[in-house]
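These notes concern the structure reproduced below.
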2 protein chains.
Amino acid sequence: MTFETQLDRLAQLSVAFGLGLKPGQELVLTADIGAIDLVRRITRAAYEAGASNVLALYADDASTLARYTHGTEAAFDYAPGWLYEAMGKALTNGAARLAIAGATPGLLAGQNPDHVARVNTATSRAAKPFIDAITSGVTNWNIVPFVTPGWARQVFPDLPEAEAVDKLWGHVFTALRLDHDDPEAAWRKAFETLDARKAHLQGLSLDALHFEGGGTDLTLGLAKGHVWAGGGLALDNGTAYAPNLPTEEIFSMPDRGRADGRAVFTKPSVINGTIVEGLVVEFAGGKAVKIEAETNAEVARTWFTTDEGASRLGEVALVPESSPIARSGVLYFNTLFDENAACHIAFGNAYAMNLAPGADREAAGMNASKIHHDVMIGGPDISVTGLGADGSRHPIMKDGEFVI
Amino acid sequence: MTFETQLDRLAQLSVAFGLGLKPGQELVLTADIGAIDLVRRITRAAYEAGASNVLALYADDASTLARYTHGTEAAFDYAPGWLYEAMGKALTNGAARLAIAGATPGLLAGQNPDHVARVNTATSRAAKPFIDAITSGVTNWNIVPFVTPGWARQVFPDLPEAEAVDKLWGHVFTALRLDHDDPEAAWRKAFETLDARKAHLQGLSLDALHFEGGGTDLTLGLAKGHVWAGGGLALDNGTAYAPNLPTEEIFSMPDRGRADGRAVFTKPSVINGTIVEGLVVEFAGGKAVKIEAETNAEVARTWFTTDEGASRLGEVALVPESSPIARSGVLYFNTLFDENAACHIAFGNAYAMNLAPGADREAAGMNASKIHHDVMIGGPDISVTGLGADGSRHPIMKDGEFVI
Ligand SMILES: [Zn+2]
Ligand SMILES: [Zn+2]
Ligand SMILES: [Zn+2]
Ligand SMILES: [Zn+2]
């Protein structure tokens, strides 16, 4: 199969299965300008599927950088809230939203960290109405990856750039199950497995999870009324969609006040473009009380104290070592992939979908923060045990694989 | 000077002189994706000038085409009004607006004309809040050209594409006075000349203009309270800006009920992608009563009867034969250039800026239409005489040059 054919199959998968785009529906698409080839294929697929309009908003590395290299103080505390508000309104009115992920890692590495932090703060504040619309479940949305040269160079630094790009696309196509004759059917089957595991765990009504192995010994309280999520979603009107492609995780909500013990992180974490390696965190009463790392520990400490919720947990996710992404053995430096390669927890904001509708968020222990940052604790040594409120113990994973 | 240097000078001219961008001001930029090199230079120049944010919205020929080649009925009657509304609001709140003009001529020539017309209707309806914000004078805005291969091929069909692009850029740089050591100073001087002529004509309080020569014999009533405009503008807060670059015209408002005689058009007119040549129009009581042409007369007749105002006039403009654009002798198939190569009149909608604030638009004879279409009547043979209400005659242009 040619590369172009695979890109068309990716576009098709994203529009038909990822978004579940409905005839007459509008599509709002965001992408890096380097991904324009995929944008064009998605645009065609969306119009074919009956889209009323496809609007592509492009980010451009050179323009992103220009803010820091040529900007004045005025450029570091402002973001165009009017645009995010309008996009949020469009989603609320029924537009579908597609993001092509493919930023250049480390783009801002050489810039003034204070400026970068201020821009991030201004942007996340301005983007809130848009993000809220996405996470509130009012519309179907989807994220798919695109390989940029910068990303490929980071993943395969020893290869010539063109080879690195080819090789990474190969992994991406496999992770997206585009190596299957019928990728959509393969995804439906994978989602059935996720659904069965979610149902099993939901049925156990666990009080906590215990992670053990490879230096980790962490007991994580689960929020009262926590909901296991993962795989596909559906709107009230019945539209089925798959927000993240690829996705391999099932995830739920920790109690922000109950995390105790030690977590050894099994993959490097990229914080604002800086790579933090060998991260080890000690938790007490839900809070990260000691943050150590082999490299850039200070960056982690600063990030995880952005606000009160940043040092507490908002997500816990389970991924088996046999997932296609984990099996590739590649470190992708990209959350969409790496979080699907291993069990993880997230510092910061929790997802509303992980709590029963109508539950008291405060009483349940739902965390809130400006950040949501996944860090990997899974690996071939990890075992996960479910703890019931009655003291019962339920093996969930052993040596990195599900036993349910 | 290298091409890159000239592009940087164009970016500088656009931001500093065209927009008069103020420190702390936001910039909303629209461009074809082919113009990204200029977008990046403008982005840098804008941040350097203190922009709080530069947002670039890109159009892409392939995606524009996909609507027609792959779209269903749903795709022909919808445009994202929410985006135009938001952009309008941003301008009203003080954002500056920059358009890089450079569409591919004839892009939609092969598509279903009914679909094209429906998309145009939906788009102009949706875009109204944005267009209104631009024309209402609440913020500084600027349009600059960018040479696309498609445009260059149309202007120089006999040259190899790369040569055509180079040659057209040469003309564009000259028209933009980028061949001057200090282009901004050259433009300030040019605007002083425009200002002096506007003041002179304003002082005459003319009742009508008489165009004569090269077969044209046209008496054009001027609106009561008409205002001569052209060159630079200024906001209430004092910000000076130059909406169109290049610009060579001074223009005012005709009385929609008083145009009599014959106009021989001196350049081909592009109507919805169709070239109309040898256009001759007879006017009576302000209305085009006979429309003849050597080619595609029917296209002109249809266009100039789009609505009642389409067959009446909304603008009259004076441009000397010695303007750099006229001197180039090139037909640009682009209003930004061609309307600055010759005296012209426009069928359709009039500009509010050409009428004294508070004047009674109906009594003044201000025209209204969905279209505004410039057609060139100027040339080396044309003479223009101002007619006072008292019967006085005031020579304004002779043999294509100003005599005031
Ligand atoms: Zn996750
Ligand atoms: Zn997460
Ligand atoms: Zn004009
Ligand atoms: Zn005009």
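The values are calculated or read from the model by the stated rules, or taken from the named source; none is laboratory data. As the structure is a prediction and not an experimental result, all values here were calculated from the model. Don't worry about glycine lacking a Cβ; one is built from the backbone with ideal geometry, like all the others, and counts go over all protein chains shown.
So that you can scan it fast, the table gives a plain yes or no per residue for (1) surrounded by fewer than 18 Cβ atoms within 10 Å (Cβ to Cβ); (2) of a type in the set (Asp, Glu):
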{"site": "B:His200", "(1), (2)": "yes, no"}
{"site": "B:Leu204", "(1), (2)": "yes, no"}
{"site": "B:Gly213", "(1), (2)": "no, no"}
{"site": "B:Asp217", "(1), (2)": "yes, yes"}
{"site": "B:Trp228", "(1), (2)": "no, no"}
{"site": "B:Leu233", "(1), (2)": "yes, no"}
{"site": "B:Thr239", "(1), (2)": "yes, no"}
{"site": "B:Pro243", "(1), (2)": "no, no"}
Item to complete: Answer yes or no as to whether A:Leu331 is in a loop (DSSP other than H, G, I, E, B), surrounded by fewer than 23 Cβ atoms within 10 Å (Cβ to Cβ) and touching a residue at least 40 places away in the same chain (Cβ under 8 Å).
Response: yes
Practice prompt. Answer yes or no as to whether B:Lys189 is more than 20 Å from the chain's Cα centre (by Cα), surrounded by fewer than 15 Cβ atoms within 10 Å (Cβ to Cβ) and not assigned by TED's automatic domain parsing to the domain that holds B:Gly388.
Written response: yes
Worksheet item: Quick one: in the stretch A:46-63, which of the residues that are at the interface with chain B (Cβ under 8 Å from one of its Cβ atoms) and of a type in the set (Asp, Glu) is farthest from B:Gly71 (Cα to Cα)?
Response: A:Asp60
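To keep it simple, each residue is scored yes or no on (1) part of a strand (DSSP E or B); (2) buried (at least 16 other Cβ atoms within 10 Å of the Cβ); (3) within 16 Å of ligand 2 (Cβ to nearest atom).
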| residue | (1), (2), (3) |
| --- | --- |
| A:Ile291 | yes, yes, no |
| A:Val299 | no, yes, no |
| A:Thr302 | no, yes, no |
| A:Thr306 | no, yes, yes |
| A:Ala310 | no, yes, yes |
| A:Val316 | yes, yes, yes |
| A:Pro320 | no, yes, no |
| A:Ile325 | no, yes, yes |
| A:Ala341 | no, yes, yes |
Worksheet entry | Hits in the stretch A:330-350 - residues which are under 17 Å from A:Ile271 (Cβ atoms) and of a type in the set (S, T, N, Q) | A:Asn334, A:Thr335, A:Asn349
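To keep it simple, each residue is scored yes or no on (1) at pLDDT below 95; (2) of a type in the set (Val, Ile, Thr); (3) in the same structural domain as B:Ala342 (by TED's automatic domain parsing); (4) within 16 Å of ligand 4 (Cβ to nearest atom).
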{"residue": "B:Ala284", "(1), (2), (3), (4)": "no, no, yes, no"}
{"residue": "B:Asn296", "(1), (2), (3), (4)": "yes, no, yes, no"}
{"residue": "B:Trp303", "(1), (2), (3), (4)": "yes, no, yes, yes"}
{"residue": "B:Glu315", "(1), (2), (3), (4)": "no, no, yes, yes"}
Worksheet item: Under the condition of being surrounded by fewer than 21 Cβ atoms within 10 Å (Cβ to Cβ) and within 11 Å of chain A (Cβ to nearest Cβ), which residue from the stretch B:1-25 is nearest to B:Pro243 (Cα to Cα)?
Response: B:Lys22
Discussion item. Among the residues that make up the stretch B:228-238, is at least one of them in a helix (DSSP H, G or I) and either without any contact (Cβ under 8 Å) to a residue 24 or more places away in the chain or touching a helix residue (DSSP H, G or I) at 6+ places or on another chain (Cβ under 8 Å) (or both)?
Written reply: no
Discussion item. I'd like to know if the stretch B:91-103 contains one or more residues that are over 20 Å from the mean Cα position of the chain (by Cα), basic (Lys, Arg) and within 14 Å of chain A (Cβ to nearest Cβ).
Written reply: no
Discussion item. Let me spell it out: the conditions are (1) more than 14 Å from ligand 2 (Cβ to nearest atom); (2) more than 12 Å from A:Leu318 (Cα to Cα); (3) surrounded by 23 or more Cβ atoms within 10 Å (Cβ to Cβ), and A:Val384 meets all of them except one. Which number is the exception?
Written reply: (2)
Practice prompt. Report, ordered by the first and then the second residue, all pairs with beta carbons closer than 9 Å, sequence separation of six or more or different chains, a first member in the stretch A:295-319 that is more than 14 Å from chain B (Cβ to nearest Cβ) and among the small types (Gly, Ala, Ser), and a second member that is assigned to a helix (DSSP H, G or I) and within 16 Å of ligand 1 (Cβ to nearest atom).
Written response: A:Gly314/A:Asn354
Worksheet item: Does the stretch B:323-336 include one or more residues that are more than 14 Å from every other protein chain (Cβ to nearest Cβ), closer than 20 Å to B:Gly257 by Cβ and within 16 Å of ligand 4 (Cβ to nearest atom)?
Response: no
Discussion item. If A:Thr72 meets every condition in (1) within 7 Å of chain B (Cβ to nearest Cβ); (2) surrounded by 17 or more Cβ atoms within 10 Å (Cβ to Cβ); (3) over 25 Å from A:Leu336 (Cα atoms) apart from one, which number is that one?
Written reply: (2)
Worksheet, complete the sentence: Residues in the stretch A:246-265 that are within 12 Å of ligand 2 (Cβ to nearest atom) and among the aromatic types (Phe, Trp, Tyr) total 1
Worksheet item: For the stretch A:26-45, how many residues are in contact (Cβ under 8 Å) with a residue 40 or more places away in the chain and either within 9 Å of chain B (Cβ to nearest Cβ) or within 21 Å of B:Thr30 (Cβ to Cβ) (or both)?
Response: 10
Worksheet item: Does the stretch B:119-129 contain any residue that is under 25 Å from B:Thr247 (Cβ atoms), crowded, with 18+ Cβ neighbours inside 10 Å, at the interface with chain A (Cβ under 9 Å from one of its Cβ atoms) and touching a residue at least 40 places away in the same chain (Cβ under 8 Å)?
Response: no
